[in-house]
Every structure is written in structure tokens, then in C-alpha cells.
Amino acid sequence: MLSPSQSDSYPAVAILLAAYNGAEWLDSQLESILAQEGVYVTLFVSVDPSTDKTAELIAGWATRDPRIIVLPQHEAQGGATANFFRLILDVDIDAFDYVGFADQDDIWLKDKLARAVDNMAEHNAAGYSSNALAFWDDGRTTLIHKAQPQKRWDFLFECAGPGSTFVLSNALISSIKDFLRHNPAKLSDIWLYDWFCYAYARGHAYTWFIDEYAGVQYRQHKVNCVGANQGIKAFMRRAKLVIDGSALRQALFLARLAGVDKDPFVQRLVGMRRRDMLYLAGNAWHCRRRMRDVGLFFCASVLMAFRGIDSIDETDH
């Protein structure tokens, strides 16, 4: 652990943690964040009103470690994405070189942040994410592999990894913060804060690096907000959102937020007609990173073409 007097020679990283009913897991997560090596961490926590001892637990940690700053109590934000947006908007990030996100139930390896910073410098990247190792209490583990080569349009159709692996430069997070501040009415329509951050970065020509390293142990349990895409139930839940057009509508919404909605590729999809979905199928290679997902994307696009979906209203959002 670095002392404040040592911090001048290390990158300053603000970590934003959204908490809700997380008392069961928070001790191990907080320990792993505060044990990061090679960076100076300040942890900002926003607690949604909880029914367990989350608020009290975090308050106790904050009294013992000045690197933990708890934001004032607020009304329920309505989910993790809204809570993370609250953190981005309310935390003063000017003094920090980088900003990262943390879930309440993971465990970080000690070099997670230092490796992120090093890779961002090496690749001149404003955004970083990585693979993660999902684990269950029964001892099962599986690699969440996200580090395939990026494609031209993947940011509209998938995220760059779990948000807990994200690290953003001050320039990128400041731009995102400014956007959120000036577009408050749009925030409730964004499904996932991490997907939005990735789409915003790519759409605004910020370089993003996805690391093969798994610096996060990604805990899986019954109340994960999203969790690893494992098992038939998770597959069917996501498939329904794709087949009924919900995922495509979100992608087109993100295209607007990312400033790429006027691109001819995006414009071809707005009508959601049969020929538009077949056009999307023909461009599947440019829309997903993993080969298996390219195939599934192609099949889903063809199915939407012949099943038919409602077009998006140009006045929506």
C-alpha cells in the first residue's frame, strides 16, 4: 500500500464503486482494490439504499482508510448503471490520471491497475478492458474471453468486457462526463454503463485496448446484475432480446449517443426491413469479435429478416 507522500511518483487512479446489498462480498473486494500495487488509488463509493449492512460496512472502512470516500446518501438510483452514472457525474475527477469501475463482489489481482496503465501507455489508448475469470462458490471457473481483435462496428453490438475491468484516461472520462451532464434525459434508456462507455469511446475515435490478461476474479451468484453469459437460461435471455429487435434498437440508440448515427452503415439499419436485416447479416463479420458470435449474429439477423420486427421510430430518444 502506498502512502499519500509516495503518490506523486505513481499514477493516480480513481475507482468508482456502485454498491447495493453487497455486505456479503464487500470486504474481499475492498481489500483487493486497496492492495493495488504501482498506482495510488482513491476509492469513491455510492451506496444505493440497501436492506443489509452495506452502508455501515463501507462507512466503517472509510473511517479506517482515508483513501475511501463515500458519496452522500441519495435516493435509489434504480440499478447499477444509474448508480455508476451518478458516480461519474458527482465525483471530481480532475486530479486523477485514470478512472476505473468496480463491482462490489469481485476480487482484483494486485497488478490489475498497474498493468492497465502500462498497456494504455504502450498502445496510446484512452480506454482499457480485459478478460476476466468468472468463478462460483462451488469452485467452478471459466474464462470470460473478450480480447479478440476489434471490428469496425463491434462497439454497437457488444461490450469490451466486464465494466469492472475498465480503466479510462482522464480525457475520455471527462468527455463522457460532459456528455452525461448535457443529456440527462437519455440516461435512463441506456442498458449498461460499460457498453455505453465503450461505444462512446469508439464512436468518438478514442483508441481502446482489450487485454488478454484476466486481472479480475468475476464472482457469479444469483443476484448478479448481468453476470457471465453461461448456461442455457442466460443464452435464451439474451437471444430473446436479439430476436425481438430490442438489442438492435439499443445498438441504434448507442449509435446516436456515440455520434455515428449518420454513417451509411447505421442508416441502412434504421428501417429494420427485411433487406436491412439481410444487409446486417452480410456484415456480421464487422459486428462481433469472436468467430462463434459472428455465426450466431449472422443467423439471428437472417431470422429477424424473415420473422420481421417493428421499425425504430426516428423520433425515439
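The values are calculated or read from the model by the stated rules, or taken from the named source; none is laboratory data. Here the structure is a predicted model, which means the values were calculated and not measured. So basically every Cβ, Gly included, is an ideal-geometry build from the backbone, and we count neighbours across all protein chains shown.
Working only within region 20-63, note down all residues that are part of a strand (DSSP E or B) and either of a type in the set (Val, Ile, Thr) or over 30 Å from residue 121 (Cα atoms) (or both). Explain how you work it out, then say what you get.
The first filter runs over region 20-63 and keeps only residues part of a strand (DSSP E or B), leaving 40-47.
Hits for region 20-63 are 41, 42, 45, 47.
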### Task
Pick out, from region 137-226, the helices (runs of 4 or more DSSP H) lying fully within it that include 1 or more residues that are hydroxyl-bearing (Ser, Thr, Tyr) and in contact with a Phe, Trp or Tyr (Cβ under 8 Å, 6 or more places away or on another chain).
170-182, 193-203
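Can you confirm whether residue 308 is among the small types (Gly, Ala, Ser), at pLDDT below 85 and either loosely packed, with under 14 Cβ neighbours inside 10 Å or not assigned by TED's automatic domain parsing to the domain that holds residue 199 (or both)? If you could, list the steps in order and put the result at the bottom.
Working: among the small types (Gly, Ala, Ser): yes; at pLDDT below 85: yes; either loosely packed, with under 14 Cβ neighbours inside 10 Å or not assigned by TED's automatic domain parsing to the domain that holds residue 199 (or both): yes.
When the stated conditions are applied, residue 308 passes them.
What are the residues in region 161-178 that are among the hydrophobic types (A, V, I, L, M, F, W, C) and over 13 Å from residue 214 (Cα atoms), if any?
Restricting attention to region 161-178, the residues satisfying the condition of being among the hydrophobic types (A, V, I, L, M, F, W, C) are 166-168, 171-173, 176.
Of everything in region 161-178, those that are among the hydrophobic types (A, V, I, L, M, F, W, C) and over 13 Å from residue 214 (Cα atoms) turn out to be 167, 168, 171, 172, 173, 176.
Which is in the same structural domain as residue 155 (by TED's automatic domain parsing), more than 17 Å from residue 39 (Cβ to Cβ), buried (at least 17 other Cβ atoms within 10 Å of the Cβ) and modelled with pLDDT of 95 or more, of 101, 96, 85? Give the steps one after another, and end with the answer.
Numbers: 101 fails: more than 17 Å from residue 39 (Cβ to Cβ); 96 fails: more than 17 Å from residue 39 (Cβ to Cβ).
Among 101, 96, 85, only 85 is in the same structural domain as residue 155 (by TED's automatic domain parsing), more than 17 Å from residue 39 (Cβ to Cβ), buried (at least 17 other Cβ atoms within 10 Å of the Cβ) and modelled with pLDDT of 95 or more.
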### Query
Residues 9, 50, 5: which one is modelled with pLDDT under 95, among the hydroxyl-bearing types (Ser, Thr, Tyr) and under 23 Å from residue 169 (Cβ atoms)?
9
### Query
Among the residues of region 142-179 satisfying the criterion of being without any contact (Cβ under 8 Å) to a residue 60 or more places away in the chain and among the aliphatic types (A, V, I, L, M), which is nearest to residue 246 (Cα to Cα)?
160
### Selection status of residue 173, hydrophobic (A, V, I, L, M, F, W, C), surrounded by fewer than 23 Cβ atoms within 10 Å (Cβ to Cβ), modelled with pLDDT of 95 or more and under 17 Å from the mean Cα position of the chain (by Cα)
no
### Task
Considering only residues that are assigned to a helix (DSSP H, G or I) and of a type in the set (S, T, N, Q), look in region 247-292 and name the one that is farthest from the chain's Cα centre (by Cα).
267
## Note on the structure
From the option list 141, 81, single residue qualifying as at negative phi and in contact with a Cys (Cβ under 9 Å, 6 or more places away or on another chain) is 81
